[in-house]
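Remarks on the structure that follows.
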Amino acid sequence: MEKTLLQRIEAFLTESRMPPSVLGRDAVHDPRLVSDLRGGRTVGRSVECRVEHFMNKWRAERHAGRIGPSGDRRTRAMRAATMEARP
C-alpha cells in the first residue's frame, strides 16, 4: 500500500528535524501547507511533485554531506548566542 503525501511528509519532517512551516515555504512557498494537509486539505499533482522533489533533493544533498542537521534556525541562533555569552 502506497503512503499518502502527508505520511511521506511526516516521515521527512522526523528525519530532517525541519519545522513544517519551513518545508512548506521552501518547497511550495506556502508555510501553512503541512498544517492544512493535517486538517484535510488535498493538493494537486503539481504541488505533490514539487514537495517530493524538494524532499528528494534535500536527502541527496544530505547524503552528499552538503547539508548539516536542520532544526529550527531560531533555536540554532539562540544556542549559538548562549554559547558565546558563556565565559
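General observations
- Selection of trypsin sites (Lys or Arg not before Pro), the range 3-73, meeting DSSP coil and at most 16 other Cβ within 10 Å: Lys3, Arg17, Arg32, Arg41, Arg66
- Looking at the range 2-51, the accessible area is 58 square angstrom per residue; that uses a 1.4 Å probe and ignores ligands, DNA and RNA.
- Semi-axes of the equivalent ellipsoid for the range 2-73, computed as √(5λ) from the eigenvalues of its C-alpha gyration tensor and ordered from largest down, come to 20, 13, 11 Å.
- Proximal charge balance of Leu5 [Cβ under 14 Å; K/R count +1, D/E count -1]: 0
The values are calculated or read from the model by the stated rules, or taken from the named source; none is laboratory data. Just so it is clear, the model here is predicted, and its values are computed rather than measured. Glycine also receives a Cβ, built like all others from the backbone with ideal geometry; neighbour counts cover every protein chain displayed. Only protein heavy atoms, including side chains, enter the accessible area calculation; ligands, DNA and RNA are left aside. Shrake-Rupley method; radii C 1.70, N 1.55, O 1.52, S 1.80 Å.
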